[in-house]
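Asks: Before we start, here is the structure in question, set down as C-alpha cells.
The values are calculated or read from the model by the stated rules, or taken from the named source; none is laboratory data. Note that the structure is a prediction, hence the values are computed from the model and not measured. Positions of Cβ are backbone-derived with ideal geometry, glycine not excepted, and every protein chain shown enters the neighbour counts.
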Amino acid sequence: MRREYDVLVIGAGPAGSIAARTAAQAGMSTLLIEKRQEIGSPVRCAEAVGRETVETFIPLNPKWIAAEIDMFSVSNPQGDCVVLPPIEKTLVLERKIFDRELAHSAADAGAEVVVKARAAGLCREPNGLVNVKLVVQGEPREVWARVVIGADGTESQSTRWAGLKPIPQMKNYYVAAQYLMTNVDVDPRICQYHVGWSLAPGGYGWVFPKGDRQANVGLVIWADPGATKTALQYLDDFIAPRFPNSSILAQVVGGIPVTNVLPQMVADGYMAVGDAAHQSDPLTAGGITNGMQGGTFAAQVAVDAIRHGDTSASYLRKYEHMWDAAFGRSYRRLFRIRQAVIKVPEEKISQMIGQAARLDTRKMSLKDILAIVVRVQPQLLLEIAPYFVGQ
Ligand SMILES: Cc1cc2nc3c(=O)[nH]c(=O)nc-3n(C[C@H](O)[C@H](O)[C@H](O)COP(=O)(O)OP(=O)(O)OC[C@H]3O[C@@H](n4cnc5c(N)ncnc54)[C@H](O)[C@@H]3O)c2cc1C
C-alpha cells in the first residue's frame, strides 16, 4: 500500500467498486478498501436488479445470475394475486460472486484492492489532502488521498466523520429480515410481492426465486420504536403457512434508509455514494444499481476535481447536481407516494389488489388501475396526483 493516492474508496460493495473502477480507468491512483475479509459476503440483499440497467455497468455473466424473471406478482393476505410483466426484465443475482466480480473489474482497471482494511477516521489537512486512519489486518496505518469516496453502506461512519450525516429518523428506515430458503416450491420465473400491514406493517414481503428450488424470502417493515414484533417474527409468521417443508440456509437482518438522499452528499475532499448517501429507492428500497450510478457520478466528478486542482466541497457539489438531474424528481415522487400509501388501511389495499386480480392483466392499462384507486381510495389519488403534475 502506498502513502498517497488520488482517490481512496471506503467499502467494496457495488457503489464502491464502480467508483474505484471509474477513477482508475481515468488514470487516477486508486485504493479500494474493504473491512471484511471476503468481498460480497455475508449477503444482505434480496439480489433483484433490472437486467438492462445492470448491463450498463458490467457485461452480463451467467456465473452471477441466479434467475431470470419474466413476471411479477402482487398478492394480498387473502391470496388474491395480480401477475404483471415487470417494467424492465429482472435478474436475481448471486451477489457473493457479483460483488467480487465488480471489485475484480476495479482491480483490472488499475485500482489497488485491499480486504481486511477498515477505515477508522478521516480529516482534511490544510494542504488539501485527506488523512485516513486505517486498521489493516489488525494493524494501524495511515494514508492520504485527494478525494475520499465513502461507500461504506447503511451503517456508514465516513459520512459522520465528514460531518454530513444528520441524526437518522427512525420513521425513515425500513427494517429488513430475510431467509435464503431451500426446497421452496415457487414458479422460478416470477418474483412475488406480498402487501398487507398485518403481514409487514408499512412495508411488504417478497419471494425472489434463485433457481434450484431456492429463494430469498424476506420482508421490510417500517422502523417503529413502539412495534410489538420484530421483523424476524413477522418473517417467521409469513413463512410458516407458505413454506412448511422448506429449510433456512442463511438469515439476514438489516436497516435500509428510505428517505430521499442525504441533503448534502459532499464535503471538502469527500463524497458519499450508495447506501451511505441514502441512494436506495425511497419506495422499494432497492439500491444496487442506484448506488452504482452514484459511484459512477461521484468518481467522474472526483477525477475532474483532481485535474482542476480543486477538491473543495463547492467543486464536488457538481456530483449532487448530476444526481439530482438523473434521480431527484423521481425520488421526490417515490418518497411522497410511499408516505401516502402507508396511510391507506389494509382492507383498502386488499380490495384494490382483489379488484385488479379480477381483470385480464394482459390488457390492463394505467387507466384501469387508476379507476380501481378512484373506486376504493380516491384520497390516495388526490395525495399523489400533485407529484405527477408540473414537477
Ligand atoms: C434484506 C435486504 C434486501 C435487499 N434487497 C435488494 C434488492 O433486491 N435489490 C436491490 O437493488 N437492493 C436491495 N437491497 C439494498 C442493497 O443491498 C443496497 O442498496 C446495496 O447493497 C448498496 O450498495 P453499497 O455499495 O452502497 O453498500 P454495501 O453493499 O452495503 O457495501 C458497503 C461495503 O462497505 C464496507 N464497509 C463498511 N464500513 C467500512 C469501513 N469502515 N472500512 C472499510 N469498509 C467498510 C462493508 O463491509 C460493505 O462491504 C436490500 C437490502 C437489504 C438489507
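Asks: Residues of the range 174-204 being hydrophobic (A, V, I, L, M, F, W, C), within 16 Å of Ala67 (Cα to Cα) and more than 11 Å from the ligand (Cβ to nearest atom), which ones?
Replies: Residues of the range 174-204 that are hydrophobic (A, V, I, L, M, F, W, C), as a first pass: 175-177, 180-181, 184, 186, 190-191, 195, 197, 199-200.
Restricting the remaining residues to those that are within 16 Å of Ala67 (Cα to Cα) gives 180-181, 184, 186, 190-191.
Correct list: Met181, Val184, Val186, Ile190.
Asks: Kindly evaluate Asp304 against the criterion of being over 15 Å from Tyr173 (Cα atoms) and either in the same structural domain as Ser29 (by TED's automatic domain parsing) or within 13 Å of the ligand (Cβ to nearest atom) (or both).
Replies: Criteria met by Asp304.
Asks: I've got another one for you. Checking the structure you have, find out if any residue of the range 284-295 is in contact with a strand residue (DSSP E or B) (Cβ under 9 Å, 6 or more places away or on another chain), within 27 Å of Asn183 (Cα to Cα) and not aliphatic (A, V, I, L, M).
Replies: Yes, there is a match, as at least one residue in the range 284-295 is in contact with a strand residue (DSSP E or B) (Cβ under 9 Å, 6 or more places away or on another chain), within 27 Å of Asn183 (Cα to Cα) and not aliphatic (A, V, I, L, M).
Asks: Taking strands (runs of 3 or more DSSP E) that do not extend beyond the range 5-100, which have at least 3 residues that are outside the structural domain of Asp360 (by TED's automatic domain parsing) and either away from the ligand (no atom under 16 Å from the Cβ) or free of Cβ contacts under 8 Å to residues at least 12 places away in the same chain (or both)? Show your work before the answer.
Replies: Numbers: elements: 30-34, 48-50, 65-69, 71-75, 81-84, 90-93.
Because the criterion is at least 3 residues that are outside the structural domain of Asp360 (by TED's automatic domain parsing) and either away from the ligand (no atom under 16 Å from the Cβ) or free of Cβ contacts under 8 Å to residues at least 12 places away in the same chain (or both), the strands (runs of 3 or more DSSP E) in the range 5-100 that meet it are 81-84.
Asks: Something else now. Test Ala272 against the criterion of being within 13 Å of the ligand (Cβ to nearest atom), farther than 19 Å from Trp222 by Cα, within 20 Å of the chain's Cα centre (by Cα) and surrounded by 21 or more Cβ atoms within 10 Å (Cβ to Cβ), and give yes or no. Walk me through how you get there before you give the answer.
Replies: Details: within 13 Å of the ligand (Cβ to nearest atom): yes; farther than 19 Å from Trp222 by Cα: yes; within 20 Å of the chain's Cα centre (by Cα): yes; surrounded by 21 or more Cβ atoms within 10 Å (Cβ to Cβ): yes.
Answer is yes for this residue.
Asks: Could you grab me the full set of residues in the range 257-303 that are within 12 Å of Gly150 (Cβ to Cβ), hydrophobic (A, V, I, L, M, F, W, C) and part of a loop (DSSP other than H, G, I, E, B)?
Replies: Matches in the range 257-303: Leu262, Met265, Val273.
Asks: Take Ser312 and tell me if it is in contact with a Ser or Thr (Cβ under 6 Å, 6 or more places away or on another chain) and not hydrophobic (A, V, I, L, M, F, W, C). Working first, answer last.
Replies: Working: in contact with a Ser or Thr (Cβ under 6 Å, 6 or more places away or on another chain): no; not hydrophobic (A, V, I, L, M, F, W, C): yes.
Here the answer is no, as Ser312 does not meet what is asked.
Asks: Can you find even one residue in the range 212-221 that is free of Cβ contacts under 8 Å to residues at least 40 places away in the same chain, surrounded by fewer than 16 Cβ atoms within 10 Å (Cβ to Cβ) and either acidic (Asp, Glu) or over 29 Å from His194 (Cα atoms) (or both)?
Replies: yes
Asks: Conditions: (1) in a loop (DSSP other than H, G, I, E, B); (2) buried (at least 19 other Cβ atoms within 10 Å of the Cβ). Asn127 meets all but one. Number of the miss?
Replies: (2)
Asks: Let me ask something else about it. Is there any pair with a first residue in the range 266-283 that is free of Cβ contacts under 8 Å to residues at least 24 places away in the same chain and a second that is part of a loop (DSSP other than H, G, I, E, B) and not hydrophobic (A, V, I, L, M, F, W, C) whose Cβ atoms are under 9 Å apart and which are 6 or more apart or on different chains, and what are they?
Replies: Sorted first by the residue in the range 266-283, then by its partner, the pairs are His278/Thr154; His278/Thr259; His278/Asn260; His278/Gly287.
Asks: Additional query: Gly254 is checked against (1) more than 12 Å from the ligand (Cβ to nearest atom); (2) part of a strand (DSSP E or B); (3) within 17 Å of Asn172 (Cα to Cα) and fails just one. What number does that condition carry?
Replies: Unmet condition: (1).
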